[in-house]
Amino acid sequence: MRPNRILFDQLNKLATEQVNPRSRRLEYLGVEGILRTISREDIGVPSAVRREIPYIARAVRLVVRALRSGGRLIYIGAGTSGRLGVLDAAECPPTFGTPPSMVLGVMAGGKSAVFRSKEGSEDRESGGRSDIRRKKVGRKDVVCGIAASMRTPYVVGAIREARRRGAATMLVATNPRSMLARPEFSKLRRSLDVAICPEVGPEAIMGSTRMKAGTAQKLVLNMLTTASMIRLGKVHGNLMVDLRMNSRKLRERAKRVLMMTTGVDYDTAAAKLEEANGHVKTAIVMIKSKVSAPEARGRLQRSKGFVRLAVRKSGS
């Protein structure tokens, strides 16, 4: 194995690769002591994410613009970071009724790497470039790289190729944003529209970024898609009204949402959902505005999917 002093020195500077002084004696602790130490480290993660809200807001605006214009949100990462992107993308269709092609998760090493680690696949920028080309990324899309270290070659290659193809680009990392000012990050810096960098500090186990870093990334991705979908009219108040009734649980949740929103009883909710072909938003507009399913669908289309606006419309 060839020595790589440049990479060694680069890793040595990363906050996520430092030794955590608060957990130096981890192996000497009892089970509860280990758990308390990990929990104590986790406490600071939400605050680190909260400090990044201005940057997350900028990213949400890019996502909303892309999705409204018919583009896609494409997450791309390796290891834990990549799996978190795949997870968030997979949850969008059942939660928000989006087509599977609208939010995608792309993983270094391909689909099999979601279940079994292929660590070497993160080392090639060419792999990231190839996956972006394979997805036919274009100007309407937004690509979100996820890399705790900020330096993952696969992610850097993907971001640079996405920018070259005209897509909006962002990065979710857990090292300080100031790192982007370093010469070795200059190409990445020039390729980014937004960098979201919650600083979670060293892990309880040095370098194990599946811990605090992964938690911070998961929180950020939750915020990105949830806020974007709200801005696209897929939430009414704080209720999921674009969910897909693909399971018994979701069918009953849809009835409950309809009952809570309109005040109808269980049997009426079931009947209206059947008339609306299982679409909760359509059923809400039907009941609140006393209109047919086709009229309700037309109102929703004219209101760009927002229930509150569709209910207000006269239909003229």
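Nothing in this text is a laboratory measurement; each read-out follows from the coordinates by a stated rule. Everything numeric in this text was worked out from a predicted model, so none of it was measured. Reconstructed Cβ throughout: ideal geometry from the backbone, glycine too, with neighbour counts over all protein chains shown.
Under a model in which nothing but the beta-carbon of Lys, Arg (+1) and Asp, Glu (-1) is charged, the range 235-312 shows a dipole of about 300 debye around its Cα centre. Recomputing Kirkwood radius over Cα pairs in Å from the coordinates shown identifies the correct label among [x] 20.7; [y] 19.6; [z] 21.3 as [z].
Per-residue Cβ neighbour counts within 10 Å put R51, R134, R165 in the sequence R134, R51, R165, beginning with the fewest. Cross-link partners for K136 among the aspartates and glutamates, with Cα-Cα distance under 15 Å and sequence neighbours closer than 8 places in the same chain left out: E161.
Rounded to the nearest 20 debye, the dipole size of the range 66-165 about its Cα centre is 500 debye, using +1 on the Cβ of Lys and Arg and -1 on the Cβ of Asp and Glu. For the chain, the longest principal axis of the C-alpha atoms and the axis of helix 212-231 are separated by about 30°.
Please identify, among D88, D265, D131, the residue showing maximal mean-square fluctuation in a Gaussian network model of the chain using a 10 angstrom Cα cutoff. Comparing D88, D265, D131 in a Gaussian network model of the chain, the most mobile one is D265. Each of S121, L104, I132 was scored by the projection of its Cα onto the charge dipole of the range 76-137, and the greatest displacement toward the positive side belongs to I132; charges sit on the C-beta of Lys, Arg, Asp and Glu. Near A204: Cβ cut-off under 13 Å, other residues only, Lys/Arg at +1 and Asp/Glu at -1. The net charge is +3.
A dipole drawn for the range 6-231 from +1 and -1 charges on Cβ atoms has a positive end, and of T16, S81, S228 the residue lying farthest that way is S228.
In plain terms, the residue of L171, L67 with the fewest other Cβ atoms within 10 Å comes first and the most crowded comes last, giving L67, L171.
Overall, the anisotropy analysis places the range 211-316 in the oblate class: the square-rooted eigenvalues a ≥ b ≥ c of its C-alpha gyration tensor yield a/c not less than 1.5, with a/b not exceeding b/c.
Under 26 Å Cα-Cα from K13, which lysines qualify once same-chain neighbours fewer than 8 residues away are excluded? The qualifying lysines are K118, K187, K212, K218. The angle between the Cα long axis of helix 31-42 and the main principal axis of the chain comes to about 70°, on a 0 to 90 degree scale. Farthest toward the positive end of the dipole of the range 170-316, out of A296, T209, A173, is the Cα of A296, where the dipole comes from beta carbon charges about the Cα centre. Of the residues R139, R68, R36, the one that moves most in a GNM of the chain with alpha-carbon contacts below 10 Å is R36. Seen against the Cα atoms of the chain and their longest principal axis, helix 153-164 is set at about 50 degrees.
For the range 102-229, rounded, prolate or oblate, judged on the Cα gyration tensor with a ≥ b ≥ c (square roots of eigenvalues), a/c < 1.5 rounded, else prolate if a/b > b/c? Because its axes are fairly even, with a/c under 1.5, the range 102-229 counts as rounded. Mean residue ellipticity, 222 nm, helices only, the chain: the sum of -39500 (n - 2.57) across DSSP H runs of n ≥ 4, divided by residue count and rounded to 500, is -15500 deg cm²/dmol.
Rounded to the nearest 20, the size of the Cβ-charge dipole of the chain about its Cα centre is 1160 debye, with Lys and Arg at +1 and Asp and Glu at -1. In whole Å, how far is the Cα centre of the range 262-289 from that of the range 1-78? The range 262-289 and the range 1-78 have Cα centres spaced 43 Å from each other. Taking a Cβ cut-off of under 13 Å around V106, the surrounding Lys, Arg, Asp and Glu residues balance to a net charge of +3, with basic ones at +1 and acidic ones at -1.
How many percent of Cα pairs in the range 34-113 exceed 15 Å?
Within the range 34-113, distances greater than 15 Å cover 69 percent of Cα pairs.
Would you mind classifying the range 40-194 by shape? Square roots of the alpha carbon gyration tensor eigenvalues, ordered a ≥ b ≥ c; an a/c under 1.5 is rounded, otherwise it is prolate if a/b is larger than b/c and oblate if not.
The shape class here is rounded.
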